[in-house]
Amino acid sequence: MKRPVRLEPGQKLVLTANRLLDGRTVWWREDGAWDLRIGYAVLLDADGAEAELSRAVEEAQREGVVGVYDTAVLPVVPPEPVTVREKIRAHGPTVHPEFAVETAQ
Amino acid sequence: MSVPVGHYQYDRIDRDFLQARIAEFEGQVKRRLDGTLSEDEFKPLRLMNGLYLQLHAYMLRVAIPYGILDSRQVRKLGKIARRYDRDYGHFTTRQNIQFNWIRLEDTPDILRELAEVDMHAIQTSGNCIRNVTADEYAGAAADELVDPRVHAEILRQWSTLHPEFTFLPRKFKIAISGSPNDRVAARFHDIGILARPGEDGAPLFRIFVGGGLGRTPVIGEELFDSVREEHLLATLEAILRVYNAHGRRDNIYKARIKILVQAIGVEAYREAVEAELAQMDLERYRLTPEAVAAIRSRFAVPLLEAPADADAVLTEQRRADPLFDRWVRSNTHVHRDPGHIIATISLKPAGGIPGDATSAQIGRLADLADAYSFGEIRITHLQNVVLGHVRKDRLRELWLGLSEVGLAEANIGLIGDIVACPGLDYCALANARSIPIAQKLGARFADTALQAEIGALRINISGCINACGHHHAGHIGLLGVDKRGEEFFQLTVGGQAENGAAIGTILGAALPEDETVDAIARLVDCYLGRRESGETFLETLTRLGHEPFREAAYEAV
Ligand code: HEM
Ligand code: SF4
């Protein structure tokens with residue numbers, strides 16, 4: 001099991017996973033669906049995240065995702081992940097600007 | 001169908017097996033998609049078929065046995081890149097190719113396409129014997145003593161689906177060379193094999209065990225000096241049995257054979273192997289001259305005919321065209337036939353991504369291989385491509401053809417010939433990105449005249465301690481580390497993969513990306529300023545010690 005994410009003041013949590021069919025990075029929306037765009041991710045507090053995470057893990061197979069976990073973001077628009085790794089997952093590989101992922105509409 | 005030059009010709013048994021294996025995997029994918037198989041159950045099954053889940057997509061690693069392809073296979077790889085990926089592929093230091101944007105549901109179709117040209121992704125992952133690598137100049141180099149491909153093929157057949165060795169404590173990598181100049185990093189493999197002819201003409205094999213990179217870099221130790229051909233398989237079988245029985249399985253970081261060899265010592269390991277050999281049925285494993293000859297006959301020998309003036313034509317063309325001359329200097333190697341030459345095609349354009357090739361480039365490589373090198377292509381362990389048998393009087397035509405698709409970079413063995421793993425741009429295990437810093441270094445030293453002036457200098461970059469970019473073996477090595485969420489790079493110097501295998505030593509504290517690039521530029525300046533005539537970077541480093549280089553690297557920090 002992954003270590004719990006330590007939140008700095010002002011940070012929020014989002015849930016993320018990869019899509020089973022094509023492996024693409026997805027983010028958990030308010031309505032429980034998974035979205036390619038981090039701009040649609042629901043922002044959670046440390047308290048609320050645990051229940052949402054268990055729900056998302058439970059529904060992973062039905063929703064067609066694998067490897068659900070939570071990660072810290074700055075609550076700007078669109079939310080900006082704290083770690084380089086999650087930034088790259090949200091925006092696409094930095095060495096191929098043409099593959100940049102849309103983060104909002 | 002004619003027998004391909006350079007690699008082994010599959011038969012019905014090979015092809016039927018691949019089809020059965022694909023059907024099996026297709027069933028597993030179906031069951032995964034409908035939920036019958038959980039991810040935990042499915043993961044080892046997909047890994048056995050070379051399919052990883054990375055940051056943005058699945059990654060498929062396709063085996064290129066001993067790094068050799070024919071043009072129809074190369075065209076197929078280009079087609080897969082175009083049709084199922086994003087129009088490019090990545091050649092790796094283990095002579096494989098990786099596709100970075102694969103969809104799970106497409107995988108059975110891709111494997112079917114690969115099987116059409118006798119290729120697959122089996123044993124490119126998991127704790128089994130991985131793709132056997134071999135000298136990229138095999139069967140061509142003037143300095144070669146024994147052509148290692150025949151034995152590499154024998155090892156491929158022996159290790160593929162070997163029932164006893166599909167669940168080893170950890171992955172297992174074998175490399176084989178038949179040249180006195182080790183071009184396979186034999187001492188950095190779980191088993192490294194150097195072949196040479198014995199007095200009776202039959203080959204003898206010098207065997208190293210327990211080399212490896214990763215978290216605990218170790219230089220392999222000599223287990224046997226002269227294994228006879230007939231006992232090659234028995235000996236390897238015994239080495240693996242000892243490892244399989246005694247290698248640690250409780251801790252993934254202590255599971256490679258190198259840890260076992262370090263723990264008990266090479267003498268004890270040798271005794272254990274000899275004890276195993278003593279109770280084995282050696283007859284069963286005997287490699288007879290007939291068996292070797294049968295395998296050899298499945299390789300076509302290129303008909304090396306060149307006009308008598310081929311060499312003179314090349315000399316004249318080099319004289320007339322300094323740019324071409326520079327490329328010939330860095331990117332060719334002496335062929336055993338005086339009318340031919342070995343050409344290495346750099347996949348390291350200045351500022352580009354080391355090892356990546358677009359599908360258009362891959363297609364063109366296939367055409368050029370057909371036109372200039374008997375339709376045969378090799379992938380090197382330094383992420384480049386080799387055409388092994390080019391007629392000297394046609395080399396310039398080849399070079400012009402390469403120029404048209406951006407593949408004529410004159411930097412093999414020079415500072416621009418950077419080895420880098422995918423790093424944090426793709427890899428789920430990474431701490432830092434490897435590609436952007438490789439691109440910055442490539443751009444900093446883009447001038448090929450400057451590169452030629454600097455001379456032999458290899459930079460190797462890994463995005464984490466797993467060391468896929470061989471950073472320990474780089475003359476200058478960079479290891480990406482994570483310092484409180486920031487990407488930093490630890491600098492090592494003095495590593496070497498070949499005959500004088502050495503592990504680089506850490507120069508000082510890790511630096512952020514841009515400062516690392518500047519520090520390397522100062523290291524190079526220090527070398528240029530202090531080298532004696534004809535000295536390479538490594539030689540100057542050996543003569544002066546690390547201190548002046550450490551001072552130079554860190555002077556402005
Ligand atoms: C992107 C997916 C990849 C993953 C997940 C991956 C994973 C790993 C891991 C975990 C190790 C350490 C194994 C150990 O020491 O026990 C390793 C080693 C290695 N990998 Fe990769 N790797 C990847 C890509 C590559 C690429 C692209 C290359 C070539 C450029 C490569 C070549 C190697 C080599 C040469 C070693 C170290 C040599 C040794 O076995 O000691 N890998 N890899
Ligand atoms: S060295 Fe690390 S970052 Fe680079 S490919 Fe290997 S596992 Fe990934």
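Just so it is clear, none of the values below were taken in a lab; they were calculated from the coordinates. Computed from a predicted model, the values in this text were never measured in an experiment. Note that we place each Cβ from the backbone using ideal geometry, even for glycine, and neighbour counts take in every protein chain shown.
Listed by chain and number, the lysines whose C-alpha is less than 20 Å from the C-alpha of residue B:43, apart from same-chain residues fewer than 8 away, are A:2, B:30, B:171. The stretch B:370-409 and the stretch B:446-495 have their alpha-carbon centroids 27 Å apart. Sorted from greatest to least, the principal axis extents spanned by the alpha carbons of the stretch A:12-99 come out as 36, 29, 18 Å. Taking amide H positions as modeled 1.01 Å from N, with prolines and chain starts lacking one, the residues under 5 Å from residue A:80 and 5 or more places away or on another chain are A:74. Pair-distance distribution of the stretch B:419-554: all C-alpha pairs, bin width 10 Å, starting at 0; shares per bin in whole percent are 13, 46, 34, 7, 0. Its residue count N sets the reference 2.2 N^0.38 Å, and the alpha-carbon radius of gyration of the stretch B:145-198 equals 1.22 times that reference.
Sequence-ordered 3J(HN,Hα) estimates for the stretch B:445-459 from the Karplus curve with 6.51, -1.76 and 1.60 and θ = phi - 60° stand at 10, 5, 4, 5, 5, 4, 4, 5, 4, 5, x, 4, 7, 10, 10 Hz, glycine and proline given as x.
As a proxy for reagent exposure, ranking B:280, B:119 by other Cβ atoms within 10 Å from fewest up yields B:280, B:119. Between the residues B:545, B:172, B:127, the greatest Cα displacement towards the positive end of the dipole of the protein assembly as shown, with unit charges on the Cβ of Lys, Arg, Asp and Glu, is found for B:127. Shown here: chain B, whose C-alpha atoms stretch 62, 61, 54 Å along the first, second and third principal axes, sorted largest to smallest.
A viscosity of 1.002 mPa s and a temperature of 20 °C, combined with the Kirkwood radius over C-alpha pairs in the Stokes-Einstein formula, give the stretch B:12-116 a diffusion coefficient of 150 µm²/s. Among the GluC sites (Glu not before Pro) found in the stretch A:29-71, those both in a DSSP coil and sparsely packed, with 15 or fewer other Cβ atoms within 10 Å of their Cβ, are A:30, A:59.
Taken about its Cα centre, chain B carries a charge dipole of about 1020 debye when Lys and Arg each add +1 at the Cβ and Asp and Glu each add -1 at the Cβ. Placing unit charges on each Cβ (+1 for Lys and Arg, -1 for Asp and Glu) gives the protein assembly as shown a dipole about its Cα centre, and among B:204, B:468, A:56 the Cα reaching farthest toward its positive end belongs to A:56. Restriction of the GluC sites (Glu not before Pro) in the stretch B:233-324 to DSSP coil positions whose beta-carbon has at most 14 other beta-carbons within 10 angstrom yields B:305. Selection among B:450, B:361, B:401 by position relative to the dipole of the stretch B:354-513 gives B:450 as farthest towards the positive end (Cβ unit charges, Cα centre).
For the stretch B:133-296, the relative contact order works out to 20 percent when only alpha carbon pairs closer than 8 Å and six or more residues apart are counted.
Partnerless cysteines in chain B, where a partner means another cysteine C-beta under 4.7 angstrom, comprise B:128, B:427, B:464, B:526. Seen from residue B:296, the other residues with C-beta closer than 10 Å to its C-beta sum to a net charge of 0, counting Lys and Arg as +1 and Asp and Glu as -1. Pairs B:79/B:392; B:258/B:440; A:87/B:440; B:76/B:348: which are spaced more than 26 Å apart, C-alpha to C-alpha? Too far apart for the 26 Å limit: B:79/B:392; B:258/B:440. Taking Cα centre as origin and charging only the Cβ of basic (Lys, Arg, +1) and acidic (Asp, Glu, -1) residues, the dipole magnitude of the stretch B:436-557 rounds to 200 debye.
Arrange the following residues from fewest to most other Cβ atoms within 10 Å of their Cβ: A:86, B:535. The most exposed by this proxy come first: B:535, A:86. A helix-only calculation puts chain B at -11500 deg cm²/dmol for mean residue ellipticity at 222 nm, using -39500 (n - 2.57) for each DSSP H run of at least four residues, averaged over all residues.
On the principal axes of its alpha-carbon atoms, the protein assembly as shown has extents of 77, 61, 49 Å, going from largest to smallest.
What you get for the stretch B:9-58, charging only the Cβ of Lys and Arg (+1) and of Asp and Glu (-1), is a dipole of about 80 debye around the Cα centre. Here the spin labels are modelled as points 7 Å beyond Cα on the Cα-Cβ line, and at residue A:21 and residue B:11 they lie 4.4 nm apart.
Scalar couplings 3J(HN,Hα) for the stretch A:78-92, obtained by applying the Karplus form with A = 6.51, B = -1.76, C = 1.60 to θ = phi - 60°, are x, x, 10, x, 7, 8, 4, 4, 6, 4, 5, 5, 6, 10, x Hz; x denotes Gly and Pro.
Between the beta carbons of residue B:288 and residue B:249, assuming R0 = 45 Å, the FRET efficiency works out to 0.80 to the nearest 0.05.
Peptide A:12-23 has a mean shielding of 4, counted as Cβ atoms of other protein chains within 10 Å of each residue's Cβ.
Could you compute Rg(Cα) / (2.2 N^0.38 Å) for the stretch B:133-296, with N its residue count? Taking the Cα Rg and dividing by 2.2 N^0.38 Å, one obtains 1.00. Peptide B:111-119 is shielded by partner chain Cβ atoms: per residue, an average of 0 of them sit within 10 Å of its Cβ.
Would you please classify the overall shape of the stretch B:441-519 from the alpha carbon gyration tensor, given that a ≥ b ≥ c denote the square roots of the eigenvalues, rounded means a/c under 1.5, and beyond that prolate means a/b larger than b/c while oblate covers the rest? Since a/c reaches 1.5 but b/c is at least a/b, the shape of the stretch B:441-519 is classed as oblate.
Taking N as the residue count of the stretch B:267-375, its C-alpha radius of gyration divided by 2.2 N^0.38 Å amounts to 1.73. In terms of other Cβ atoms within 10 Å, B:468, B:421 run from fewest to most in the order B:468, B:421. For the stretch B:12-116, averaging the sequence separation of C-alpha pairs within contact (under 8 Å, six or more residues apart) and dividing by the residue count gives a relative contact order of 29 percent. On a per residue basis, the convex hull of the C-alpha atoms belonging to the stretch B:1-55 measures out at 123 Å³. Mean per-residue shielding of peptide A:84-97 is 6, counting Cβ atoms of other chains within 10 Å of each Cβ.
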